[in-house]
Amino acid sequence: MSRMTPKEMASRIGDGLLSFPVTPFRPDNAFDETRYRSNLEWLCGYEVAGLFAAGGTGEFFSLSPAEVLKVVATAVDETRGRVPVLAGIGYGTAMATQLAIGAEAAGADGLLLLPPYLVFSEQEGLAAHVEAVCNATKLGVIVYNRDNAILNEDTLEKLCQRCPNLVGYKDGIGDIELMTRIHLRMGDRLTYIGGLPTAETFALPYLEMGVTTYSSAVFNFVPEFSTKFYAAVRRRDRETVQAGLRDFILPLIAIRNRKRGYAVSIIKAGMKVIGRDSGHVRSPLTDLTPAETEELTALVALLETSEFAKRELAAA
């Protein structure tokens, strides 16, 4: 099977919804490959433009480098070319480049470069980090702008000139002014991805800026809702989008915001709610309390009779 070029990969993922599958763990905290394969097979049955193995929701930060590559290789093998698989990579430059090389060898279709570990640095240093990763692989690279790795439009433009395989920009900070400057400067040179926590809240306004896709964490456990919500965004059905936000996304955010790290924990809890228990989150994260899991269970159950569901039925 021939591998997609970086531009082909970027075009493919820019045309649909993206998801970051959770990484399941067994009670002994080891990677649960059987559950992971089952989850991927299920998710591939829905309209999804790309799956990011060992991404943020996949607890990249708690995996060893060997585990990252095992997760990526499993995703590639299980999806069998049906959906592009992009690998999460990161940490310092040396480890990020090693992971890039390993992910390419494992058959990944692209890479998501997460922020480097711990340190804050100047634009020159960030540019050197990104360029080193791009030079280490033939795969298309997407930079994740967030936390301690915020590239400005000048830095991105220079990187795009030097690195043909830098093909994507994922926004994780929500700085509309910066996003506007980057999009006006780079145009269609990059594929733009909404990557804020619970990206559904920003999906409609970002679409007006040319951001055609976003990463949906809740796709893990409510894929039907997620795909229908994305369809409503793309057809600019404001009323249906607002119904989805009111009925599900905003109440979910209210639970998520109670404790640090719950952005991942609530997705793992959602998997348990729907009967696809994928184990606990690894430390230093903590799981939802039993009471909070019950709240989430009730929230998922209400989706079937929600205003969003009624509007989607009428639209169909």
Once both label points are put 7 Å beyond Cα along the C-beta direction, the MET95-ARG246 separation in nm becomes 4.6 nm
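Could you order HIS280, HIS183 by accessible surface area, starting with the largest, using a probe radius of 1.4 Å?
HIS280, HIS183
Which loop-located GluC sites (Glu not before Pro) does the range 141-250 contain, where loop means any DSSP state but H, G, I, E or B and the Cβ has at most 12 other Cβ atoms within 10 Å?
On the way: sites: GLU153, GLU157, GLU177, GLU200, GLU208, GLU224, GLU239; in loops: GLU208.
Loop-located and lightly packed - GLU208.
Jot down the per residue volume, in cubic angstrom and as a whole number, of the convex hull over the alpha-carbon atoms of the range 1-84.
Numbers: hull volume 8.2 nm³, N = 84.
Cα-based convex hull of the range 1-84, divided per residue, equals 97 Å³.
Of all the Cα-Cα pairs you can form in the range 83-195, what percent are over 26 Å apart? Could the numbers behind the result be given before it?
Details: 640 of 6328 pairs.
Of the Cα pairs, 10 percent sit more than 26 Å apart.
If each residue of separation counts as 0.36 nm, what is the full-extension length gain between THR289 and ASP15 once their alpha-carbon separation is subtracted? Mind dumping the intermediate values first?
Details: separation 274, 0.36 × 274 = 98.64 nm, distance 3.71 nm.
Residue separation times 0.36 nm, minus the Cα-Cα distance, leaves 94.9 nm.
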The set of residues whose placed amide H lies less than 5 Å from the amide H of PHE25, leaving out same-chain residues fewer than 5 positions away, is ASP32, GLY279, HIS280
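Across the chain, where is the longest run that never hits chymotrypsin sites (Phe, Trp or Tyr not before Pro) in a DSSP loop with at most 16 other C-beta atoms within 10 Å?
Details: sites that count: TYR46, TYR117, PHE120.
Maximal segment without exposed cleavage sites: 121-316.
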Site GLN123, offset 7 angstrom along Cα→Cβ, radius 11 Å on amide nitrogen, limited to the range 150-173, gives 151-159
Given backbone amide H placed at 1.01 Å from N, residues whose amide H is under 5 Å from that of LEU112, ignoring those fewer than 5 places away on the same chain, are ALA87, GLY88, ILE89, ILE142
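Mind pulling up the Rg/Rh value for the range 177-304? Radius of gyration and Kirkwood radius, both on Cα. Can you show the working numbers first?
Values: Rg = 15.8 Å, Rh = 15.7 Å.
Rg/Rh for the range 177-304 comes to 1.01.
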Taking a label point 7 Å from the Cα of ALA66 along Cα-to-Cβ, the residues of the range 25-60 whose backbone nitrogen sits under 19 Å from it are 25-34, 54, 60
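Quick one: ranking GLU131, GLU294 by accessible area, 1.4 Å probe, largest first, what do you get? Walk me through the numbers before you get to the answer.
On the way: GLU131 50, GLU294 120 Å².
Most to least solvent-accessible, the answer reads GLU294, GLU131.
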Contour minus Cα-Cα span, LEU178 to THR305, at 0.36 nm per residue, comes to 41.8 nm
Any GluC sites (Glu not before Pro) in the range 29-61 that lie in a DSSP loop and have at most 16 other Cβ atoms within 10 Å would be GLU47
Unit-weight point scatterers at every alpha-carbon of the range 6-233, Debye formula, q = 0.09, 0.11, 0.16 1/Å: log10 I(q)/I(0) is -0.32, -0.49, -1.08
Sequence order, the range 115-132: Karplus ³J(HN,Hα) from phi using 6.51 cos²θ - 1.76 cosθ + 1.60, θ = phi - 60°, Hz rounded, Gly and Pro as x, gives x, x, 5, 6, 7, 9, 9, 7, 4, 4, x, 4, 4, 4, 5, 5, 5, 4
Sequence order, the range 133-140: Karplus ³J(HN,Hα) from phi using 6.51 cos²θ - 1.76 cosθ + 1.60, θ = phi - 60°, Hz rounded, Gly and Pro as x, gives 5, 4, 6, 7, 8, 9, 6, x
In whole Hz, the Karplus estimates of ³J(HN,Hα) for the range 163-180 (6.51, -1.76, 1.60; θ = phi - 60°; x where Gly or Pro) are 10, x, 8, 7, 10, x, 9, 10, 8, x, 10, x, 7, 4, 5, 5, 4, 5
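The values are calculated or read from the model by the stated rules, or taken from the named source; none is laboratory data. Just so you know, these numbers come straight off a predicted model, no measurement behind them. Note: ideal-geometry Cβ built from the backbone for every residue, glycine included; neighbour counts use all protein chains shown. Note: accessible area is taken over every heavy atom of the protein model, side chains too, but ligands, DNA and RNA are not part of it. Shrake-Rupley method; radii C 1.70, N 1.55, O 1.52, S 1.80 Å.
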